[in-house]
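Below is one structure, written out as structure tokens; comments come after it.
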Amino acid sequence: MTLPPGRSALPVLLLVLAGVPVLGSCAQISAGEVEETAGAAAPAPAPAPVPTSLEERYPFVRFLKQGEDFYTAILTAPVGFGATMEPQLRKFCSCLQGDNPRASLEVLANGGYSFGGNPKGDSGAGAGSGKMVAVEDLVLARGSRADLEEILSFIDLFFNGGPQIEIQAEIFEVIDTEAFERGIRPAAAALVQNTGTVQADGTGPFFRGMGGGFPSASDPLFDSAGPGGVFSLAFVDDDIKVEAFLQLLRSTEGVDVVSRPRVVVRNGVPAKLISTEEVPYLEPGSVSAQGITNLKVLKKNAGVELYVQPILLGGDTVHLVVNAKASRIGRSFFIGTDANGNPISVPSVSSREATTSITVRSGQKVVIGGLRLREQREVENKVPILGDVPFLGWLFSSRGSSEVDTEVIFVITPLVKTRAPSISPFQEDIFDPFSEVEGS
């Protein structure tokens, strides 16, 4: 052991003889003492204040003090529920039992009122008028502080004692679309023209031309600036002239939609989670020789609907009754034209639905899949015979094909909550139902 210069070894020798352990350096002893002193100097957090009165403990209850230790508490209940709550209080609260109970109850049906009026009324006669409307029952509890605390504790347990269950849902919707279109439109007045003239004696070409066209479904009025590849074609042979726009379009689309709704419900109460889109369409009111008239705008809902009823069994086992439904807008059906000749179509709705019952632990995930829809569609319009000629038939036909593959997966996680009705945060990573389970 070494000592700093100028220090005597006698104090250290006395400590050793007394049985006190001594470190190898006096500088180390001083540093430890400084650290210990600094740690002890940190102030302890102040304790939370403890409520000292009924008003502080129950700030949302109205109390009337009518003696040294005698109060009247004015409690509220839903309209018609006061008479149901009174026998339960007398059954479970000891202060209300016996021939001479220490506390008393009085139910005032429809005793709570609220003033209702019309804030949008005109400033003329009758403005500001209103009436009192019964909105709640009143329960008057009279007794000592200890008696009222017992009554209020039971009411809190009676209303909030049942378990609450949080339903966390993750909804995955995967849509893959692949489409091809080929169409042709005349660039001039007619698709095929015969520029020859008919003489006064009636001689001349019998075939004068062919109008019409076979436009694509995505853009029936496309021209040189239409979607996809648009080719301007022209052909002249003697008096025969062909001018047209040929459109070719292939499209691929992939959409992944993830929604994560959450809701907290009481045990046994159904939960409803809906994420839909309203699609407007025209409904004919009447049909006449002039066409469809008196059109009405109606709406169809398409999207995802999830209904879950959780029931707690035992400590943390949850029985789930689940109904899952997924719908999407399908193809449109032509039903006629209006008075101006515009086509009227009504969309269809394709839906998939699954209903099941399952028992899981709190926090476990339930995956519902198989709600898959594959739609393949091919449409071809052509002139007979001419439309079947190889290559040349493209001038006299149009073709469209599409394949839509849709799959919806529901991931449901029930969580049994404590008395606090807060919603738990989601995990940082989204659960991937397509990934392989580790160890499988």
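The values are calculated or read from the model by the stated rules, or taken from the named source; none is laboratory data. Small disclaimer: the values here were computed from a predicted structure and weren't measured. Because the Cβ atoms are built from the backbone with ideal geometry, glycine has one as well, and the counts that use them run over all protein chains shown.
Could you please find all residues in the stretch 141-154 being buried (at least 21 other Cβ atoms within 10 Å of the Cβ) and of a type in the set (A, V, I, L, M, F, W, C)?
Ala141, Leu148, Ile151
How many residues are surrounded by 15 or more Cβ atoms within 10 Å (Cβ to Cβ) and in contact with a Lys or Arg (Cβ under 7 Å, 6 or more places away or on another chain) when one looks only at the stretch 353-387?
Looking only at that region, the number is 2.
From the set of residues in the stretch 276-291 that are surrounded by 15 or more Cβ atoms within 10 Å (Cβ to Cβ) and touching a Gly at 6+ places or on another chain (Cβ under 9 Å), which is modelled with the lowest pLDDT? Write out each step before concluding.
Step one: of the stretch 276-291, the residues surrounded by 15 or more Cβ atoms within 10 Å (Cβ to Cβ) are 279, 281-282, 284, 291.
In the following step, the residues that additionally are touching a Gly at 6+ places or on another chain (Cβ under 9 Å) were identified as 284, 291.
Values: Pro284: 77, Gly291: 68.
Per the criteria, the residue is Gly291.
Specify the residue that is farthest from Phe154 (Cα to Cα); the eligible residues are those in the stretch 66-106 that are polar (S, T, N, Q) and outside any helix (DSSP H, G or I).
Gln66
Considering only residues that are over 30 Å from Ala187 (Cβ atoms), at pLDDT 80 or above and either among the aliphatic types (A, V, I, L, M) or not in a strand (DSSP E or B) (or both), which ones fall in the stretch 245-275?
Of everything in the stretch 245-275, those that are over 30 Å from Ala187 (Cβ atoms), at pLDDT 80 or above and either among the aliphatic types (A, V, I, L, M) or not in a strand (DSSP E or B) (or both) turn out to be Arg260, Pro261, Val263, Val264, Val265, Asn267, Gly268, Val269, Pro270, Ala271, Leu273, Ile274.
Does Leu108 satisfy the criteria of being more than 17 Å from Ala146 (Cα to Cα) and modelled with pLDDT of 90 or more?
Yes; evaluated as a whole, the condition is true for this residue.
I need the strands (runs of 3 or more DSSP E) fully contained in the stretch 299-400, keeping only those with at least 2 residues that are within 35 Å of the chain's Cα centre (by Cα) and aromatic (Phe, Trp, Tyr).
On the way: elements: 317-337, 343-361, 366-382.
The qualifying strands (runs of 3 or more DSSP E) are 317-337.
Looking only at the stretch 115-132, count how many residues are loosely packed, with under 11 Cβ neighbours inside 10 Å and either assigned to a strand (DSSP E or B) or modelled with pLDDT of 90 or more (or both).
4
Restricting to the stretch 388-398, name every residue that is surrounded by 19 or more Cβ atoms within 10 Å (Cβ to Cβ) and either aliphatic (A, V, I, L, M) or at pLDDT 85 or above (or both).
Answer for the stretch 388-398, where residues must be surrounded by 19 or more Cβ atoms within 10 Å (Cβ to Cβ) and either aliphatic (A, V, I, L, M) or at pLDDT 85 or above (or both): just Leu395.
Being out of contact with any His (no Cβ under 8 Å at 6 or more places or on another chain) and in contact (Cβ under 8 Å) with a residue 60 or more places away in the chain, is that true of even one residue in the stretch 296-304?
Yes, because at least one residue in the stretch 296-304 is out of contact with any His (no Cβ under 8 Å at 6 or more places or on another chain) and in contact (Cβ under 8 Å) with a residue 60 or more places away in the chain.
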